[in-house]
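Read through the structure below, which is laid out as structure tokens, and then see the notes.
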Amino acid sequence: MSATTTKIPTPGSPAVGSSPSGGRLYWAIADMWTMTKRNLIGYTRVPEAVFFSSVQPIMFVLLFRYVFGGAIPTPGYHYVQFLMPGIFVQTVAFGSIGTSIGLAEDLQKGLIERFRALPMSRWAVLAGRTTADLFRNLFVMALMTAVGYAVGYRIGTNVGEYLAGILLLLLFAYALSWGFAFVGLSAPNSETAQLMSFPVLFPLTFASSAFVPLQTMPGWLQGFAKHQPVSVVCNAARDLMSGLPKPDLVFPPFTSIVSNGPMNSTVFWAIVWSLGILAVLAPVSVRRYRRRAF
Amino acid sequence: MTLAIELEDLHKTFGHTVRALDGVSFSVEPGTIFGLLGPNGAGKTTAVRILTTVLEPDSGVARVLGHDVTSEPGVVRSLIGLAGQFAAVDENLTGAENLSMVGRLNHMSKTQLKERSSSLLEQFGLTDAANRPTKTYSGGMRRRLDVAASLVAHPRVLFLDEPTTGLDPASRVDVWTMIESLVAEGTTVLLTTQYLEEADRLAEHLVVINHGKVIAAGTPATLKANMGVTVLDLGLEDERTALRAAEALRTVNEKAPLVYGRTVEVNVNDGPRIVTEALRILEAEGIAPTTLALREPSLDDVFLSLTGHRAEAELAEGVESLPGPGGHRQRHRRGRN
């Protein structure tokens, strides 16, 4: 070691562990941002991964738009207007598997062990990962908007409501990411993390109003499909983006709570679901992060 | 003076049956290199993880520079550096970015960090590779970067969990030299290893653990003195001959020879003299060994000498004979010192 680096600070010196400027919250945010940047840099170093993860949702668009779509009746409007908001929700939902894979990899490579021995915020590793995934979803939504336009989807409301719809999808995706962080931290390795995520996501996305109107499902399935979060968010996204009539209304109209409000009931409940998932699963995942024995 | 590391009767059980630590106690003087030896599964990594606040102990006390790891984990984290069992580097980041990330998470300022990072990269011979993603690094380079990352925040106590496992001999010597220079500057180093050679070269004091218990403690010299400086391996024609040979060789050394199938092992203090003597005795008995080797004792031999079992064999037996969750906990017992 060179002579210039031989100085060893005493505990509590500004170099290590304490805060040269700002308090706990400042450092919690700084740590989170350090972790977010680290994950975002990771995406730019492996652009192939981001590219090929967009291929699957595009395939789903083509599959449902041109193969199955003709057989799915949506009276009064074109199926593509029904489909695209559903595809958006499915895309961000499946994208949240990325959160679980990323954290499982960090565990496998010993990075979580390193992070747990650092004087950093206990939330930052998960918050950094989910925030980076939020940025990735923003990119994916921009891409899917272009894909939607290419296959004939047109905004049925106005640009403002469409963007509000995207914000809602990002909120939902962010909440799901925190949930899948738990899966990633519970899996023995990243391959298993992916396999463990699937049984949760498959029924949520396919037994939902994402691709078909719920009326075609058997009664017992409709009960689940109507109330589960993916359907609720799909309906809300459809309201905001396509401006469709609301065949699957379950909850009392939000407009009856706030009269003449710009939002309707589905949007309200989609937000409630997202915040609820976040409020429950974020602390559970952080607890898992702190307690995970290797 | 405050001890750098203190463990008192530390217990940690995983699930209900795996007793990773079963009453471990030892202490480390500041500014020294301390070796924690043991076979795979002995509990070395668990001890390091508890000391670095990564895991919480079930019972017992662990202190780093006087700070309890359970009640003051934040203070402990700001005083230590950890290079875990895997080279924990983000392979999408460059070497410099990895160091910068760890530095930022240690709450160092950017200017401090820039200087520190480039001097560490230079010290570890990574300056040329600093701006390459670490997925292009060799195993040795990753390990060096990993150790560099553990040093970014000038830790006062450094934990190295098997720092040279999987390294080629040249890189191993590099890591050794680096550890020695750190201690010269006043850092305390605790390293775990499976290699007696490594502990012998680096550690002033060491403990040997097995099944989560300390089975020996002392300096490398005292441990070796306990078991002889060299090992004479003799291969015989068949098992009967091996037993006969062992019986005949009883007189060459204080310690009785050990027999494994067709192999006879003798721990000796004066290798060359005993080789000639052993061969003379065997010749008188009409026994001709098929192979003969004189070697340095391995960790396995230390275990053999301490426990009378091969490390692996004992490990397998130990798992079966572990008492159930309600079983009483044995207090640890210091080995010979």
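The values are calculated or read from the model by the stated rules, or taken from the named source; none is laboratory data. Bear in mind the structure is a predicted one, so any value in this text is a computation, not a measurement. Note that each Cβ is placed from the backbone with ideal geometry, even for glycine, and that neighbours are counted across all protein chains shown.
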Odd one out for B:G166, checked against (1) surrounded by fewer than 20 Cβ atoms within 10 Å (Cβ to Cβ); (2) at positive phi; (3) touching a residue at least 40 places away in the same chain (Cβ under 8 Å): (3)
Given (1) within 14 Å of chain B (Cβ to nearest Cβ); (2) acidic (D, E); (3) buried (at least 23 other Cβ atoms within 10 Å of the Cβ), number of the condition A:D133 does not satisfy: (1)
Residue count, segment B:9-20 (criterion: outside any loop (DSSP other than H, G, I, E, B) and either surrounded by fewer than 16 Cβ atoms within 10 Å (Cβ to Cβ) or on the phi > 0 side of the Ramachandran plot (or both)): 3
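Is it the case that segment A:42-53 has a residue that's within 26 Å of B:T94 (Cβ to Cβ), modelled with pLDDT under 65 and in a helix (DSSP H, G or I)?
no
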Filter result for B:T17 (under 19 Å from A:R291 (Cα atoms) and more than 8 Å from chain A (Cβ to nearest Cβ)): yes
Failed criterion for B:T187 (all others in (1) hydroxyl-bearing (S, T, Y); (2) more than 11 Å from chain A (Cβ to nearest Cβ); (3) in contact with a Lys or Arg (Cβ under 7 Å, 6 or more places away or on another chain) hold): (2)
Lone unmet requirement of (1) acidic (D, E); (2) in a strand (DSSP E or B); (3) at pLDDT 95 or above for B:E97: (2)
Any chance B:S119 is at the interface with another protein chain (Cβ under 8 Å from one of its Cβ atoms), of a type in the set (G, A, S) and crowded, with 21+ Cβ neighbours inside 10 Å: no
B:R201 modelled with pLDDT under 90, in contact with a helix residue (DSSP H, G or I) (Cβ under 7 Å, 6 or more places away or on another chain), surrounded by fewer than 18 Cβ atoms within 10 Å (Cβ to Cβ) and among the charged types (D, E, K, R): yes
Qualifying residue in segment B:136-144 (condition: away from chain A (no Cβ under 12 Å), free of Cβ contacts under 8 Å to residues at least 60 places away in the same chain, part of a helix (DSSP H, G or I) and buried (at least 21 other Cβ atoms within 10 Å of the Cβ)): yes
Residue ID - nearest to the other protein chains (Cβ to nearest Cβ), chosen from residues in segment B:122-135 that are surrounded by fewer than 20 Cβ atoms within 10 Å (Cβ to Cβ) and within 10 Å of B:L145 (Cα to Cα): B:G125
Unique match (being at pLDDT 90 or above and assigned to a helix (DSSP H, G or I)) among A:L204, A:L240: A:L204
Filter result (surrounded by fewer than 24 Cβ atoms within 10 Å (Cβ to Cβ) and within 14 Å of chain A (Cβ to nearest Cβ)) within segment B:26-49: B:P30, B:G31, B:G41, B:T45
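Considering only strands (runs of 3 or more DSSP E) fully contained in segment B:169-241, which possess at least 3 residues that are closer than 28 Å to B:P257 by Cβ? Give the derivation first.
Details: elements: B:188-193, B:205-210, B:213-218, B:230-235.
Once the strands (runs of 3 or more DSSP E) in segment B:169-241 are filtered for at least 3 residues that are closer than 28 Å to B:P257 by Cβ, what remains is B:205-210, B:213-218, B:230-235.
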Residues (farther than 26 Å from A:D239 by Cα and part of a loop (DSSP other than H, G, I, E, B)) located in segment A:149-201: A:A187, A:P188, A:N189
Among residues of segment B:87-100, those that are touching a residue at least 60 places away in the same chain (Cβ under 8 Å) and facing another protein chain (nearest Cβ under 7 Å), counted: 1
Failed item, numbered, when B:K110 is tested on (1) more than 9 Å from every other protein chain (Cβ to nearest Cβ); (2) over 22 Å from the mean Cα position of the chain (by Cα); (3) touching a residue at least 12 places away in the same chain (Cβ under 8 Å): (3)
Some residue of segment B:51-61 being surrounded by fewer than 18 Cβ atoms within 10 Å (Cβ to Cβ) and at the interface with another protein chain (Cβ under 9 Å from one of its Cβ atoms): yes
Residue match in segment B:240-248 (condition: in contact (Cβ under 8 Å) with a residue 24 or more places away in the chain, out of contact with any helix residue (DSSP H, G or I) (no Cβ under 8 Å at 6 or more places or on another chain) and surrounded by fewer than 15 Cβ atoms within 10 Å (Cβ to Cβ)): no
Residues within segment A:107-126 that are in a helix (DSSP H, G or I), among the charged types (D, E, K, R) and surrounded by fewer than 24 Cβ atoms within 10 Å (Cβ to Cβ), tallied: 1
Selected residue (criterion: nearest to the other protein chains (Cβ to nearest Cβ)) from residues of segment B:65-84 that are in a loop (DSSP other than H, G, I, E, B) and surrounded by 19 or more Cβ atoms within 10 Å (Cβ to Cβ): B:G84
